[in-house]
Amino acid sequence: MSAEQDKRIQEAAKLLSKQLADKGSIIEGGWVGFKLVCGLQGAPVDQLAEMKKAFFAGASHLFSSIMCFLEPGTEPTDKDMDRITLIYEELQKFQKKLEAEIKGQP
């Protein structure tokens with residue numbers, strides 16, 4: 001994939017994320033994307049239902065945790081940003097591991 005194609009895909013993904021967020025469907029959209037990336041389209045219905053529960057439970061946990069640890073006030077504090085950065089880094093590590101698994105690497 002060329003750098004230009006990669007850039008267009010990233011821009012389309014950002015736009016889609018904003019549209020889904022505006023409609024109250026960001027987590028559902030993430031679930032659909034997860035199924036596609038992981039090749040789960042043909043998985044048994046029961047398995048998909050349980051995986052979707054787990055996916056939404058993870059999203060719920062993260063959201064409620066963020067809402068719990070944010071410092072009082074309307075502006076993010078340095079501590080808020082540190083915590084968000086650590087969440088980002090943790091998710092990036094997981095994403096890299098998942099991508100390696102999908103590509104068949106240990």
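Things worth noting here:
- Each Lys and Arg contributes +1 and each Asp and Glu -1, all at the Cβ; summed about the Cα centre of the chain, the dipole is approximately 360 debye.
- Full extension of the chain between ILE26 and GLU90 gives 21.0 nm of extra length, using 0.36 nm per residue less the Cα-Cα distance.
- Its DSSP H runs of at least 4 residues, each contributing -39,500 (n - 2.57), put the calculated 222 nm mean residue ellipticity of the chain at -27000 deg cm²/dmol, to the nearest 500.
- With Cα atoms, 0 to 90° folded angle of helix 45-69 axis to the chain main axis: 20
- Lys, Arg +1 and Asp, Glu -1 on Cβ, resulting dipole of the stretch 15-75 about Cα centre, debye, nearest 20: 220
- Nearest-ten-degree value, helix 78-102 long axis tilted from longest Cα axis of the chain: 10
- Links that overshoot a 26 Å alpha carbon limit, given the list LYS35/LYS96; LYS7/LYS53; LYS52/LYS93; LYS23/LYS79; LYS52/LYS96; LYS23/LYS53: LYS7/LYS53; LYS23/LYS79
Read-outs throughout are calculated quantities, based only on the coordinates presented, and are distinct from any laboratory measurement. Not measured: the values here are computed from a predicted model. Positions of Cβ are generated from backbone atoms using ideal geometry, with glycine treated the same way; all protein chains shown enter the neighbour counts.
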